[in-house]
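The values are calculated or read from the model by the stated rules, or taken from the named source; none is laboratory data. All figures in this text were calculated on a predicted structure; none of them were measured in a lab. A quick note on method: Cβ atoms are made from the backbone with ideal geometry, for glycine too, and the neighbour counts reach across all protein chains shown.
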Amino acid sequence: MRLVLLILLLLLTPGAVRAQALNTFTSSPAEGGPVIEFKDGDFVLAAGLDVPDRGWVRAPSPHIYRMFETRWRTGDYHTVQGRFRFDRGALGADPLALYTASTRNQFIVFVNGAEVFRNFARVSDQKLAWYRPFLVPLPEGALKPGVNEIVIRAVSQESVGVGRVIVGPNAVVQDFYQAQYFWQITAPMAANAAMLALGGLAVLLWMGRRREVELLWLALAAGLWFLRNYQYFAEVTPFDLALFNALTVYATYFATVATTAFYATFLKMPHREPVIAALFALGLPIMAIHATFSLSNLILYVPATLIGLGGALLGLLDLRRDRTTGHVLLALVVLLMPFAGVYDFLLAGGGDGWNTNDAYLTVFSGCIYCVAFLIVFGKRALDAFAGLEAANATLEQRIAETRAELAASEASRRDLVVAGAIASERERLMREMHDGIGSNLITALAVARQQKQPDSTIKTLSRALADLKITVDSLEPVEGDLVALIGNLRHRMAGDLRDAGIACRWEVGRCGPLPWLDATNALHVLRIFQEAIGNVLSHSGATEMRIGCGEEMRDGIPGIAAHVADNGRGFDDARADRPGKGLGNIAARARALHGVLDCRSSAEGGTLVTLWLPYDRAPVARDQEAG
Amino acid sequence: MAHPFETKRVQAGGPPMIRVAVVEDDPVMRDHLSRAIEGCEDMLLTATAANVAEAEGMIEAGGYDVLLCDLGLPDGSGVSLIRKEALTGRDTDILVITVFANQNKVLDAIRAGARGYLLKDERIEDCMAAVREIRRGGSPISPIIARQLLGEIRPDPNVPRPMASPLSEREYEVLNLLSRGFSNAECAEILTVSGNTIGTHIKNIYRKLEVNSRAEALFEASSQGWFSRG
C-alpha cells in the first residue's frame, strides 16, 4: 500500500521527486576550493512570492529560461524562478559566493528558502540587468551541510530570464566577478563617456571651424553610438522601457549612417551629400515597418552592417590612395568595425541571446573611432601650427628682406642724388671750359697762326689747349677703364705723332677695370702718358713708338702695366736736353697713384717707360707706408 | 633722284663739289672755317649762320651737303638745329664743331643726327679732310665715345627697350676694337677690311644710335601715355 502511495505520489508530483535530485555542474579547482558552474537547473513560471513545490522543469544552464519581448508583450510583468541544488560538501570550507550574469531584470536570491540578496530597492526600479554581472555572497548561516537549494526569482517587464550561475569560494568568485564587471560595465561606460565628451569637443571645434562638416558628423555619430550603447552599462532604464528599447535598436542604424557620413566627408568623396541623405531617409520606413509589424531587429541590423561594409570598402580604397598617418589610422578603424559587428552577432547567438560570458566589442568601436579621428584632427592642427610658424618665419624674413631692399634703394637714391649733383657741377665746369677758356684759347691759337706769331707763342697756346683737353678727358666717366683712357690720349695725339713722322703701334691686352680710377687719378695717369709721349715727340728722334697695356702681377699683387716705348736715342741721364723736371713730376704722380714707374732702355734701343698700377691699392699702400 | 642739270654739272666739273654750310657764333672761327672752305677747290661755302635764329632759316632753305654746326650758340643749343636738319630727311652729313669732343656733347649730337665732329684746334687741313671723309661715308670716333656707345647700344637685356636697329656682328666687333683704343687703320688691319669700311661702319653705328634714340623717345612717350591713362 505504501508502495502504491509512493508511486502515486511520484506520478502526481514528478517535479517534486526530481526536485530532490542535485543539479549537474562543471567544477574547476581553485584556491580555497572548487568553483562550480551549473549545467542545468529547474525553472517554474509562477508569479507570487512563494517558492512553489511543484511545476519545476529541468533545463540546461545557462539560460534555463529566457523570454524575449517579441514573444511577450513589453510592459507586462513576467516572472520566472530558477532553482539550483548542490551539495555543500562538494565545495570547500571557505565562505561561498554566487555569481550570476544575464539574470534579469529584477531578481531576488533565496538560499534554502531565506532571502539573501535582491538587486532592486523598489519594485518600481526599472533595472537593466541583461549584460550586468552580479556577486551574491552566500551567508554561512543560511547554508547547511548536505544539499542546499538556491532559488532565483526574476521579474521583468520585458525579456525575463535566469542566466549563468556560478558558486564557489567568495574570494575566487569575487575576482572573476570583478574582471567580468570591468569588461562588461566599467570599460564600456568609460569608453562611451569619453566618446560623448569627444563628440562634445567635436561640436566645439566645429563651431570654430564651420567648414569642417565632418566634425559635426562625428559629434552626431558619437551621440547616436552613446544612445545605442547605453543599454550595456546602464543600471536602470532612464525612461519608458518600450521607447528605450526602440531607440536602442534604431540608434544602431543611424549611428552607422552618421559614422559612414563622417568618413565619406573626411575622404571628401564626390556626391556624398545625396547618398548620406538617402541613407538617413531609408532609416525612417525601416523604423516604421519594424515598429508596426513587430519584426526582428535584423531588418535594422542587416542594412546597418551593409553600410558598415561600404565604409570599410571606402577605407580599403583610401588605403591604396593615401598612406599618410591619419588616413591609414581611420581606414584601419573602419575596416575593423565590420569584424567587431560579426563577432558580436556570433556572440549574441545569431539573435538568440548573449552567451553570458564574453564581452561585446562594438560597444568600444564608437570611442575608438572618435579617438582615431581626433588624433588625425590634432595632427592636422599641429601641422597647421607648424605651417603657421613657418609662415611667420617666412614673413619675418620677407619683411627683413624688404627693409634691406628699401634701405639699399634709399642708399642708391641718395647716391643718385649725389651723382646727379656731381654730374651737374661737372656739366657746368665743362661748359665753362668749353665755351669760355677753351673757345678763347682756340680763337687765340687761330689768331696767332693767322698772324704768323712766333712758334713759341703758338706752342705755348697749343700746350695750354692740350693740357685743358687732358683735364677734360680725365673728367670723362670711364668706370676704371684704363685702356679707353690711354687709347683716348693716343687718339688725341695721333695728329702730332703723324706730323712728327712717328709710327704708332697699339699693344693692348685684356685688362679689368681699376675700381679706384676716379677723375683725380685719371688725370695723373693722363699726365704721365702725356709727358712720356711728349718726350718721344720732342726728344727721342724716334721713328716708331709702341704704346699699350696688359695685366701683370708684381709681388703677388695683380695689376696693369702700361707702357710707352720708342726706338729713339734712348735714355741718358747725362744728356743736357733731358727734361728732368718732367720726369720728376711723373714719378711723383706715379707715387700718388700707388703705382710703380720705371724708365729704362727699350729693346729697340730707345726708352721704355712703364707704369704699373695695382687693381687693389690697399696692400700696396700698406707696403709703401711700411717702406 | 638727282636733278638732270646737277648730273650734267657734275659731269662737266669733274668730281662733285661739296657744298658746305657753317653755323658758328665765334666770328674768328667762322671766318677761319669759311676761308678754308673757299680755299678748297672741291668745296663750296653755301651759307653761314651765327646763331640759332639765322641757322633755322638756313636749314629751311637747304642746298648744302655738309653742315658744320657749333653746339654752344648764344640763343640756344646746336643740338636742336641738328635734329631739325636730320628730320628734313635730306642726305646731309652733319659734323659738330667742338673744342674737346667730350662724350656727353658728342653723344647728344649723334643722337640728334650728327655723323661726326671737328675739333676746333685741329689743323684746318685736317678739318677739310674730315669733311671729305664724311662725304665719302666715314665717321671719326674716339675710344671713350666708342666705349660709351657700346654701353648705350647694348643696354641691359633685362630692361625691355625697343631696339629699333640692333648692331650687326661686324659693327659690334668694330665698336669693341675702337673702344679698346685701336685706330681705324688698326681695326681695318685686324678685321682685314679697308679703312673706309671702318669709317662706314662707324657712320652706320651713329645712324643706328640716332634711330634708337628716336624709337626710345617714342617708347618713353607712349609709356607715359599708358601710365597717365591708368
Hey, does the range A:259-273 have a residue that's of a type in the set (Val, Ile, Thr), modelled with pLDDT of 85 or more, buried (at least 16 other Cβ atoms within 10 Å of the Cβ) and more than 28 Å from the chain's Cα centre (by Cα)? no
Checking B:Ile144 against (1) within 14 Å of another protein chain (Cβ to nearest Cβ); (2) of a type outside the set (Gly, Ala, Ser); (3) part of a helix (DSSP H, G or I); (4) without any contact (Cβ under 8 Å) to a residue 40 or more places away in the chain, which single condition isn't satisfied? (4)
Check A:Arg510, A:Arg498 and return the single one that is surrounded by fewer than 17 Cβ atoms within 10 Å (Cβ to Cβ), under 29 Å from A:Leu593 (Cα atoms) and at the interface with chain B (Cβ under 10 Å from one of its Cβ atoms). A:Arg510
Counting only residues that are in contact (Cβ under 8 Å) with a residue 12 or more places away in the chain and at the interface with chain A (Cβ under 7 Å from one of its Cβ atoms), the range B:109-127 contains a total of 2
What are the residues in the range B:78-103 that are away from every other protein chain (no Cβ under 11 Å) and at positive phi, if any? B:Gly89
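Looking only at the range B:180-196, count how many residues are away from every other protein chain (no Cβ under 14 Å) and under 22 Å from the mean Cα position of the chain (by Cα). Show your work before the answer.
Just the residues of the range B:180-196 that are away from every other protein chain (no Cβ under 14 Å), to begin with: B:191-194, B:196.
Restricting the remaining residues to those that are under 22 Å from the mean Cα position of the chain (by Cα) gives B:194, B:196.
Summing the residues that are away from every other protein chain (no Cβ under 14 Å) and under 22 Å from the mean Cα position of the chain (by Cα) in the range B:180-196 gives 2.
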Just to be sure I understand the filter: pairs with C-beta atoms under 8 Å, separated by 6 or more residues or on different chains, first member in the range A:596-608 and under 13 Å from A:Ile586 (Cβ atoms), second member among the basic types (Lys, Arg) and part of a strand (DSSP E or B). Which pairs pass? A:Val596/A:Arg554; A:Thr607/A:Arg600
Pairs please, first residue from the range A:167-182 and assigned by TED's automatic domain parsing to the domain that holds A:Arg132 and over 9 Å from A:Leu135 (Cα atoms), second anywhere and surrounded by 15 or more Cβ atoms within 10 Å (Cβ to Cβ) and β-branched (Val, Ile, Thr), Cβ atoms under 6 Å, 6+ apart in sequence or on different chains. A:Val167/A:Ile36; A:Gly168/A:Val35; A:Val172/A:Val35
Cβ-Cβ below 7 Å, separation at least six or inter-chain, first residue in the range A:462-477 and facing chain B (nearest Cβ under 9 Å) and within 16 Å of A:Asn440 (Cα to Cα), second of a type in the set (Gly, Ala, Ser) and in a helix (DSSP H, G or I): which pairs? A:Leu468/A:Gly438
Within the range A:135-162, residues surrounded by 20 or more Cβ atoms within 10 Å (Cβ to Cβ) and at pLDDT 90 or above come out as A:Val136, A:Leu138, A:Asn148, A:Ile150, A:Val151, A:Ile152, A:Arg153, A:Ala154, A:Val162
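Among the candidates A:Arg153, A:Arg83, A:Arg118, A:Arg164, single out the residue that is assigned by TED's automatic domain parsing to the domain that holds A:Arg54 and without any contact (Cβ under 8 Å) to a residue 24 or more places away in the chain. Please lay out each step first, then the result.
Values: A:Arg153 fails: without any contact (Cβ under 8 Å) to a residue 24 or more places away in the chain; A:Arg83 fails: without any contact (Cβ under 8 Å) to a residue 24 or more places away in the chain; A:Arg164 fails: without any contact (Cβ under 8 Å) to a residue 24 or more places away in the chain.
Answer to the check: A:Arg118.
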Go through the residues of the range A:350-361 one by one and say whether even a single one is under 30 Å from A:Gly161 (Cβ atoms), touching a residue at least 24 places away in the same chain (Cβ under 8 Å), in the same structural domain as A:Phe226 (by TED's automatic domain parsing) and touching a Gly at 6+ places or on another chain (Cβ under 6 Å). yes
Looking only at the range A:121-150, filter to residues that are of a type in the set (A, V, I, L, M) and in contact with a Leu (Cβ under 8 Å, 6 or more places away or on another chain); which one of those is nearest to A:Ala359 (Cα to Cα)? A:Leu135
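What about B:Val106, is it within 11 Å of another protein chain (Cβ to nearest Cβ), touching a Gly at 6+ places or on another chain (Cβ under 7 Å) and of a type in the set (A, V, I, L, M)? Spell out how you get there, then give the answer.
Values: within 11 Å of another protein chain (Cβ to nearest Cβ): yes; touching a Gly at 6+ places or on another chain (Cβ under 7 Å): no; of a type in the set (A, V, I, L, M): yes.
So B:Val106 does not fit the description; no.
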Restricting attention to the range A:174-186, which residues are of a type in the set (A, V, I, L, M, F, W, C) and crowded, with 17+ Cβ neighbours inside 10 Å? A:Phe176, A:Ile185
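Which is within 14 Å of chain A (Cβ to nearest Cβ) and closer than 24 Å to B:Arg135 by Cβ, of B:Ala55, B:Ala47, B:Ala21, B:Ala36?
On the way: B:Ala55 fails: within 14 Å of chain A (Cβ to nearest Cβ); B:Ala47 fails: within 14 Å of chain A (Cβ to nearest Cβ); B:Ala21 fails: within 14 Å of chain A (Cβ to nearest Cβ).
That would be B:Ala36, the only listed residue that is within 14 Å of chain A (Cβ to nearest Cβ) and closer than 24 Å to B:Arg135 by Cβ.
Filtering the range A:442-452 down to residues that are in a helix (DSSP H, G or I) and more than 8 Å from chain B (Cβ to nearest Cβ), which residue is nearest to the chain's Cα centre (by Cα)? Steps first, answer last, please.
Residues of the range A:442-452 in a helix (DSSP H, G or I): A:442-450.
Now drop any that are not more than 8 Å from chain B (Cβ to nearest Cβ), which leaves A:444, A:448-449.
On the way: A:Ala444: 87, A:Ala448: 91, A:Arg449: 91 Å.
It comes out as A:Ala444.
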